[in-house]
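The values are calculated or read from the model by the stated rules, or taken from the named source; none is laboratory data. Remember, it's a predicted structure, so these values are computed and weren't measured experimentally. Backbone-built Cβ (ideal geometry, glycine too); neighbour counts: all protein chains shown. Keep in mind that these areas ignore ligands, DNA and RNA; they rest on the heavy atoms of the full protein, side chains included. Shrake-Rupley method; radii C 1.70, N 1.55, O 1.52, S 1.80 Å.
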There are 2 protein chains.
Amino acid sequence: MIILKLGGSLITDKSKQFAVREDVLERLAEEIKESSKEELIIVHGGGSFGHPIASKYNLQEGFKNKEQIDGVVETRRAMNELSRSVINAFHEHKLPVVAIQPSANITCKAGRIDDIDTGVIKKFLELGTIPVLFGDVVLDKELGFCILSGDQIVTFLAENFKADKVILAADVDGVYDKNPQKFDGAKLITEIKSTDDGILDTLKTRDGDVTGGIKGKIEELVLLAKKGVPSQVINAMEPGRLKKALRGEEVIGTVVR
Amino acid sequence: MIILKLGGSLITDKSKQFAVREDVLERLAEEIKESSKEELIIVHGGGSFGHPIASKYNLQEGFKNKEQIDGVVETRRAMNELSRSVINAFHEHKLPVVAIQPSANITCKAGRIDDIDTGVIKKFLELGTIPVLFGDVVLDKELGFCILSGDQIVTFLAENFKADKVILAADVDGVYDKNPQKFDGAKLITEIKSTDDGILDTLKTRDGDVTGGIKGKIEELVLLAKKGVPSQVINAMEPGRLKKALRGEEVIGTVVR
């Protein structure tokens with residue numbers, strides 16, 4: 001079973017609020033369909049739907065004041081809108097996708113998943129559907145609420161369901177030794193070994209991603225690799241790469257093992 | 001705390017598939033806002049979004065064959081579409097609504113609610129938001145999946161949360177002794193006592209409602225009244241009645257106690 005994360009930067013245009021990349025969603029749906037991968041769980045990020053509201057209301061800090069409740073309500077509405085776009089695009093391509101709202105299924109404690117009904121996700125998978133989860137604002141036993149990133153959901157489910165592989169479909173070729181948008185000499189790291197903790201220090205956090213940016217993503221994947229689930233970061237803006245990765249064929253990217 | 005059920009026949013046009021009554025939703029939002037009722041849970045039916053698909057694939061009988069999975073996927077998509085219409089209309093009127101997907105939160109056994117994370121619903125209520133649930137196709141430990149009616153969710157939550165009252169907002173004045181669409185002499189029953197079980201036999205089932213029609217609804221409310229939670233069926237197609245009912249003012253309808 002593969003867990004596929006669709007990055008928020010991939011499926012939305014982060015430069016505009018509430019801007020879905022419909023053409024990208026269509027192509028991703030086709031590639032998933034053509035890969036003929038049967039056991040699949042999809043998790044997507046919030047992109048320009050979740051992050052700007054979460055930042056505006058400081059939701060990542062948990063409950064501080066009543067004004068934030070507007071932010072919780074707006075974030076929930078926005079994430080359901082993005083989920084709808086993904087579900088509709090994928091269902092039009094005959095993928096048997098079923099949205100599963102994380103905030104109805106998961107409660108956190110201090111920002112980490114605490115209570116989760118994995119049985120629901122597992123049974124929807126066993127029925128032959130593709131469960132689709134997403135980053136969301138969820139209840140938190142200590143903080144009141146918190147921002148649960150798609151990445152955390154991915155690693156939790158991958159470990160819990162003993163996934164064969166995690167594919168993180170991003171809008172960059174993989175992980176670089178420096179930010180390639182700022183430094184000309186940035187080199188793609190094709191392999192990260194979970195035993196080499198030093199690698200994390202060399203990675204920089206991107207601006208404006210309240211779920212931790214690329215550094216946070218890799219940290220989650222390194223923790224996961226330590227538990228035996230390999231993962232792969234690929235650039236799914238490049239046509240064909242997602243299909244190859246799903247089929248287990250060689251593709252440009254960063255492997256974490 | 002009040003639990004408000006918005007009937008599928010009220011918020012959708014059952015004569016056309018996927019037809020939301022936007023004007024009705026707008027007015028209901030205004031009436032709820034004007035009632036200034038703070039502690040509220042809303043549950044809505046499936047109407048022309050859920051029932052036709054559920055009937056087409058015989059989902060109410062549980063898992064019989066793989067073709068039904070298309071029906072599960074279509075129903076989930078359709079119910080999220082209807083939920084979106086309700087959430088967006090209500091949120092535009094500044095109601096702090098948060099959709100909670102039943103199929104992500106509830107598992108049934110032989111068609112009745114078995115596992116449910118009421119903590120999530122309760123905490124969203126305590127945060128000051130209005131949780132909004134709906135009839136849905138959910139997983140079932142014996143049947144594979146089942147159709148969980150909004151009515152069953154209402155009575156379960158009303159009992160569990162010891163609600164002050166349940167309001168069932170319908171498109172008819174209340175419960176009649178005969179079907180008023182077929183019989184001229186049908187009389188409105190203004191009060192049903194839960195101790196008078198014979199009343200149920202006199203009520204007829206409407207066609208095409210896989211969740212049991214008006215008889216099923218009243219049966220659930222009678223069971224609830226036996227546990228101490230009164231309820232009220234009102235015609236929310238008539239402007240002002242929902243607001244009155246929420247405020248506890250006198251209004252035409254059927255009271256179950």
Worksheet item: In nm, one decimal, shortest first: how far is the label point of A:ASP164 (7 Å from Cα along Cα to beta carbon) from the matching points in the other copies?
Response: 5.7
Worksheet, complete the sentence: Rounded to the nearest 5, the percent of antiparallel DSSP beta bridges in chain B equals 40
Item to complete: Starting from the Cα of B:LYS182, draw a straight line to each of the lysines and keep only those under 20 Å, dropping any in the same chain fewer than 8 residues away.
Response: B:LYS14, B:LYS204, B:LYS215, B:LYS217
Worksheet, complete the sentence: Within 10 Å of the Cβ of an average residue in A:104-113, the count of other chain Cβ atoms is 3
Worksheet, complete the sentence: Dividing the helical contributions, -39500 (n - 2.57) per DSSP H run of n ≥ 4, by the residues of the protein assembly as shown yields a 222 nm value, nearest 500 deg cm²/dmol, of -11500 deg cm²/dmol
Worksheet item: Given 37 °C and 0.692 mPa s, how large is the Stokes-Einstein diffusion coefficient of segment A:2-256 in µm²/s, with Rh as the Kirkwood radius over Cα pairs?
Response: 180
Worksheet entry | Relative contact order (%) - criterion: Cα under 8 Å, at least six apart; region: chain B | 22
Worksheet item: What does the average come to when, for each residue of peptide A:95-101, you count the partner chain Cβ atoms lying within 10 Å of its Cβ?
Response: 6
Item to complete: Under 19 Å Cα to Cα from B:LYS109, which lysines show up? Leave out anything in the same chain fewer than 8 places away.
Response: A:LYS122, A:LYS123, B:LYS64, B:LYS141
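Enter the per residue convex hull volume of the protein assembly as shown, computed from alpha-carbon coordinates, in Å³ rounded to the nearest integer.
138
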Worksheet, complete the sentence: Reduced to Cα centres, the span from segment B:83-106 to segment B:1-79 in Å works out to 12
Worksheet item: For segment B:160-177, in order, what is each residue's ³J(HN,Hα) by Karplus, 6.51 cos²θ - 1.76 cosθ + 1.60 with θ = phi - 60°, in whole Hz (x at glycine and Pro)?
Response: 5, 9, 6, 5, 5, 6, 10, 10, 9, 8, 10, 10, 10, 5, x, 9, 9, 6
Worksheet item: Measuring from a point 7 Å out along Cα→Cβ, what nm distances, shortest first, does B:ARG247 have to its partners in the other copies?
Response: 6.7
Worksheet, complete the sentence: For B:SER36 the rounded accessible area (nearest 10 Å², probe 1.4 Å, non-protein molecules ignored) is 90
Discussion item. At 7 angstrom along the Cα-to-beta-carbon line, where would the label on A:GLU67 sit relative to the other copies? Give the distances in nm, shortest first.
Written reply: 5.8
Practice prompt. Rounded to whole Hz and in sequence order, give me ³J(HN,Hα) for segment A:227-244 from the Karplus expression 6.51 cos²θ - 1.76 cosθ + 1.60, θ = phi - 60°, writing x for Gly and Pro.
Written response: 8, x, 9, x, 9, 8, 9, 10, 9, 7, 6, 8, x, x, 5, 5, 4, 4
Worksheet item: Ordering B:PHE156, B:PHE161, B:PHE183 by how much accessible area each has at a 1.4 Å probe, largest first, what is the list?
Response: B:PHE183, B:PHE156, B:PHE161
